[in-house]
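Peer 1: To start, I am sharing the structure in question, which I have written as structure tokens.
The values are calculated or read from the model by the stated rules, or taken from the named source; none is laboratory data. What you see is a predicted model; the values in this text were computed from it and never measured. Reconstructed Cβ throughout: ideal geometry from the backbone, glycine too, with neighbour counts over all protein chains shown. Just the protein is used for accessible areas: all its heavy atoms, side chains included, with ligands, DNA and RNA removed. Shrake-Rupley method; radii C 1.70, N 1.55, O 1.52, S 1.80 Å.
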Amino acid sequence: MEAINNINPASLLDTLVSLVTAFALGGLIGIERQIRQRTAGLRTNTLVAVGSAVFVDMANRLGGHDGAVHVVAYVVSGIGFLGAGAIMKEGANVTGLNTAATLWGSAAVGACAGADLIGEAVIAALFVLASNTLLRPVVNRINRRPVNEEASEAIYRFYVICQRGSQGDVREKLVELLEAVNYPVRDVEQHAFGQSDAEIEATLYATAVDSHELDKVVALLEAQRGVLQAFWNSSSEE
């Protein structure tokens, strides 16, 4: 009987409006993702938005605004776990970050709809869509630009191939030259290289560098006795 007593046409209409809004806006975000063949497409984003709206609307009806606020906090945490499942790491490549962020945005849209903030839900959906569409050409243009070594920040490593009998002196000279141009060494490793040579690998602290200064260090090292080759490179992760 309690189920029958809980039937309230006004509340049902309010819930319907919230879910229709979440369905439409979540679907709009999902269509853009589906067109781009992303992992989380039309159905996933729509379900995230509708699910968030259902939980928030139910909490709003049962516990008022305070209850809805508590549920929103749990929705944010739950979507965080769902988004983590969309992120994949293969070597130095990380994919799915944008998909996870979009799911988070869809949840926010649904939560607004469930809290009867229809205008806010529409505005949030528009900004999520704008982030995935209007900013794409900007990102592509930035990515096509050559890397500016002076402005970039990465992990820089120096490699020196030398005769095994000279590796002690070469190592000291390498550290000395790098510190002279204000690039302190964080770690130095030595490895056997062939039958009679050794490789010295020096890792610098993550910093922005001047490639010309590092090239000068290379030239000075290659002029040292026992040094066969010297070079440096950079990477975005350790």
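Peer 1: Within the chain, what whole-number % of the accessible surface is contributed by carbon and sulfur, with the 1.4 Å probe and all protein chains included in the calculation? Each step should come with its number before you reach the end.
Peer 2: Working: 8580 of 14550 Å².
The computed percentage sits at 59.
Peer 1: Compute the signed sum of charges (Lys and Arg +1, Asp and Glu -1) over the other residues within less than 13 Å, Cβ to Cβ, of Phe158. List each step's numbers first, then the result.
Peer 2: Numbers: positive: Arg157, Arg171, Lys173, Arg186, Lys216; negative: Glu176, Glu179, Asp187, Glu189, Glu199, Glu201, Glu213, Asp215, Glu222.
My count for the surroundings of Phe158 gives -4.
Peer 1: Another question, then. For the residue pair Asn140 and Val185, what label-to-label distance in nm results when each label sits 7 Å from Cα along the Cα-to-beta-carbon direction?
Peer 2: About 4.5 nm separates the two model spin labels.
Peer 1: Under a plain spin-label model, where a point goes 7 Å from the Cα along Cα-to-Cβ, how far apart in nm are Val20 and Ser196?
Peer 2: With each label point 7 Å from Cα toward Cβ, the separation is 8.6 nm.
Peer 1: Per DSSP H run of at least 4 residues, take -39500 (n - 2.57); add these up for the chain, divide by its residues and hand me the 222 nm value, nearest 500 deg cm²/dmol. Numbers along the way, then the final one.
Peer 2: Values: 8 runs with 146 residues, N = 238.
Roughly -21000 deg cm²/dmol at 222 nm, from the helical runs in the chain.
Peer 1: Something else about it: For the chain, report the accessible area per residue in Å² (1.4 Å probe, heavy atoms, rounded to an integer). Display every interim value, and only then the final one.
Peer 2: Values: 14550 Å² over 238 residues.
That works out to 61 Å² for each residue.
Peer 1: While we're looking at this one, here's another question. If you line up the long axis of helix 9-35 against the longest principal axis of the chain, both from Cα atoms, how many degrees apart are they, to the nearest 10?
Peer 2: 30 degrees
Peer 1: Sticking with this structure for a sec: Would you mind checking the tilt of helix 211-222 against the longest principal axis of the Cα atoms of the chain, expressed as 0 to 90 degrees and rounded to 10?
Peer 2: Orientation of helix 211-222: about 30 degrees from the principal axis.
Peer 1: Using only alpha carbon pairs under 8 Å that are at least six residues apart, calculate the relative contact order of the chain and give it in whole percent. Present the calculation step by step, with values, prior to reporting the outcome.
Peer 2: Working: 359 pairs, mean separation 41.4, N = 238.
Normalised by residue count, the contact order of the chain is 17 percent.
Peer 1: Relative to the longest principal axis of the chain, what angle (0 to 90°, nearest 10) does the C-alpha long axis of helix 97-114 take?
Peer 2: For 97-114 against the chain, the angle is about 20 degrees.
Peer 1: What length, rounded to one decimal in nm, is gained on full extension from Leu82 through to His212, with 0.36 nm per residue of separation minus their alpha-carbon distance?
Peer 2: 42.2 nm
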